[in-house]
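Step one of this worksheet: look at the structure below.
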Amino acid sequence: MRNRRSIVAHLESDYQKPIRDPLWKHIYVSDAVQHLLDAQPCRQLSRIKQLGPAFLVYPGATHTRLSHSLGVFDIARRVIRRLVQLPDAPEITLDGVRAFLAAALLHDLGHFPYTHSFKELPLADHEVLTGTLVQSRPISGLLRDHMKADPQTVAAIVDTTADIAPSGEVAFFRSLLSGALDPDKLDYLNRDAYFCGVPYVVQDIDFILSRLRADGNRGIAVDVSGISAVENILFSKYLMYRAVYWHKTVRVATAMIKKAVYQPLREQVVKPDDLYGLDDDLFFVQFARRDYAAFELIRRVYDRRLHQVVWDAPFDPGNPLHRQLGGIEARHRLEEVAAERIAGRVARRVPPEWVIIDLPESISFEVDLAVWDEGRLSNYPDSDTVFSAPVVDGFTRTLRRIRIMLSPEIADAVTHPEELLES
């Protein structure tokens, strides 16, 4: 009970400084949080667009990782405030809450530029990089001296691969930060939709928070009356992938950036360390101006001179070739072969970077969440929800598509592009 009172007092009295936010109107922070926001690693987040090249399709999509991080922090504070008011409130400490709120604010500290263009590349996960930054100066000192949070605990909450768990609370706070109803998802779905002008994925955050219950095994559960709110989140996630995240033009730009980085990494022209700690502008300055063929793709994305999609088809998990294309190295080898084939057809040299085969990563709409109904907990998939296994499978199949993208110099000259996938 004493822990609960101290946590409530901390949440209600220590965060009094308002920051205006176009989505949540006001986000209240403390002087300690402001010190973190003023630190160079956090300032760098203000120079990384949350949606990378999506602004090529949605001009308003220029919001940053920093604004998103503030939104995650705000929702995380509201989630804790709701949970400690429940009769079956989880046993957490004020030190743990401070570490959790810091983790929510800093969870993207190690994020790469151009959003998810660096996925699949042989690089450290951004959560691992975040864990390192959190335990390094200046962030570690600010956490200890101002936030009164243990940097190691903050890092362990963000980086789930960390072997060291300083307290039993870490697993609980990890489940809060990354789960079916996590603050990250609740902010980015709303924020991305707001700045893209996509009106049909807005979440009722107040209602969702009011439906939360405690679940000792998975952190939180949802009251049976909140099933519709979870369905709204899942359907919103589907719509955002369909309309924004995996929009055809966004996928083209993303694939171009990915190839521009993968090829020099593969040939050891650049090293992973060269790519850590960059924002959007630094990435462009350091690589787009270098004399290396694949870096031309970065310049083309910057100038919106994009490859053209000449063929696309739904991903078929039963097709051996489609499954093979799930690996970036297999796609790269096939792109090289395809470039040679096209060169023979058009009687001119075709650089490998003019051919890209794109396949988005696997995505899941499964929910590991408990439903609280009259004192009993059940698994969300077993509840009265429309998101049955066939529906989830249908969503996934609708979204994932294989695309062949060719440089404008050769796109119109290639007939029967599907033959390029033949090994």
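Bear in mind these aren't lab numbers, they're just calculated from the coordinates by the rules spelled out. Here the structure is a predicted model, which means the values were calculated and not measured. With ideal geometry, Cβ positions are generated from the backbone for all residues, glycine too; neighbour counts draw on all protein chains shown.
At-a-glance table
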read-out	value
Point-charge dipole on Cβ atoms (K/R +1, D/E -1) for the chain, about Cα centre, debye to 20	900
Per principal axis, descending, Cα span of region 194-330 in whole Å	59, 38, 34
Relative packing of 281-287, 221-227, which averages over residues the other C-beta atoms within 10 Å, highest first	221-227, 281-287
Rounded to whole Hz, the Karplus (6.51, -1.76, 1.60) HN-Hα couplings of region 88-98, x for glycine and proline	9, 4, x, 7, 10, 10, 5, 4, x, 4, 4
Close Lys-Lys pairs in the chain, where close means Cα under 26 Å and separation is 8 or more or interchain	29
DSSP beta bridges in the chain [antiparallel fraction, %, rounded to 5]	90
In order through region 231-246: 3J(HN,Hα) via Karplus (6.51 cos²θ - 1.76 cosθ + 1.60), integer Hz, x for Gly, Pro	4, 5, 5, 5, 5, 5, 4, 4, 5, 5, 5, 5, 8, 10, 4, 10
Loop sites in region 284-325: trypsin sites (Lys or Arg not before Pro), DSSP, at most 14 other Cβ within 10 Å	ARG289, ARG290, ARG304, ARG305
Loop-exposed GluC sites (Glu not before Pro) per DSSP, neighbour cap 12 Cβ within 10 angstrom, longest uninterrupted part of the chain	92-266
Scaled radius of gyration (Cα, divided by 2.2 N^0.38 Å) that region 2-242 gives	0.97
Residue-averaged [θ]222 nm for the chain, counting only DSSP H segments that reach four residues, each worth -39500 (n - 2.57)	-13500 deg cm²/dmol
The chain: projected area of the alpha-carbon convex hull, averaged over directions, in nm²	20.9
Extreme residue, positive dipole direction of region 44-199, given options GLN135, PRO90, HIS68 (C-beta unit charges)	HIS68
Residues with amide H under 5 Å from that of ASP215, placed H, sequence gap 5 or more	ILE220, ALA221
Hz values of 3J(HN,Hα) by residue in region 131-148 - Karplus curve (6.51, -1.76, 1.60), Gly and Pro given as x	x, 5, 5, 5, 8, 10, 6, x, 5, 4, x, 5, 5, 5, 7, 10, 7, 6
Centre separation in Å (Cα based) which lies between region 195-240 and region 364-423	20
Under 5 Å, built H, 5+ apart or other chain: amide partners of TRP311	ILE404
Highest average packing first - 387-395, 77-85, Cβ atoms within 10 Å	77-85, 387-395
